[in-house]
Amino acid sequence: MEISKFLKMSFLIDGLVAIVYGLVMLIIPEIHANMFAFPYEEFADRYIGSLFLGYGVGNLLAYRASSWENVELVVLMNLTFLVIGLCIILYSIAMTILPVGAYMQVGLTLFLMFLFLYSYYEVKFKKA
């Protein structure tokens, strides 16, 4: 089955967001810490930045794929990452006072999760 334009755009958006976020955390982690008022842990921030870069590149590679069979695992990986990330962010918000940046991350995570949930629904349930 061919990949929809919506899913291709989802990969592109998620890939670019992850690459930009990863570069900021990798190259200038102190800016990320100041921007979101999170604790500054240089090694951890740079390491997480490299993980985001890998995640973003994976999405851009999936963007180039042509069939659902080639990207189904990437969609499931993205959904897993986003659900776990959202749980961690919401738990952190519930346990302590976090800056406005945390709420921005919740919104971004929900937006990206919607993109991939809709794409998964479109292939698995709508076409059946």
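Where a number appears in this text, it was derived from the coordinates with a stated rule and is not lab data. Everything numeric here is computed off the predicted structure, so don't read it as measured data. All Cβ positions, glycine included, derive from the backbone under ideal geometry; neighbour counts span all protein chains shown.
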Restricting to Cα pairs below 8 Å that are 6+ residues apart, what does the relative contact order work out to for the chain? Please round to a whole percent. 31 percent
Once label points are set 7 Å from the Cα along Cα→Cβ at both LEU60 and LEU110, what is their separation, rounded to one decimal in nm? 3.0 nm
Ranking LEU115, GLY49, THR80 by how far each Cα lies towards the positive end of the charge dipole of segment 1-124 (+1 on Lys and Arg Cβ, -1 on Asp and Glu Cβ), the top one is LEU115
Cut-off is 10 Å between beta-carbons; in what order do ARG64, ARG46 appear when sorted fewest neighbours first? ARG64, ARG46
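How much length is gained on full extension from MET95 to LYS126, taking 0.36 nm per residue of separation minus their Cα-Cα distance?
Working: separation 31, 0.36 × 31 = 11.16 nm, distance 3.89 nm.
Length gained, MET95 through LYS126: 7.3 nm.
Sort MET35, MET25, MET77, MET95 so the one with the fewest other Cβ atoms within 10 Å of its own Cβ comes first.
Numbers: MET35 13, MET25 22, MET77 16, MET95 8.
Going from least to most buried by this count: MET95, MET35, MET77, MET25.
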Degrees between helix 68-95 axis and first principal axis of the chain (Cα, 0 to 90, nearest 10): 30 degrees
Given points 7 Å out from each Cα along the Cα-Cβ axis, report the GLU2 to LEU73 separation in nanometres with one decimal. 2.5 nm
Magnitude of the Cβ-charge dipole (Lys and Arg +1, Asp and Glu -1) of the chain about the Cα centre, nearest 20 debye, reported as 460 debye
Dipole of the chain, positive direction: furthest Cα of TYR40, MET9, VAL20, with charges on the beta-carbon: MET9
The helix 100-121 Cα axis meets the longest alpha-carbon principal axis of the chain at an angle in degrees, between 0 and 90 and rounded to 10, of 10 degrees
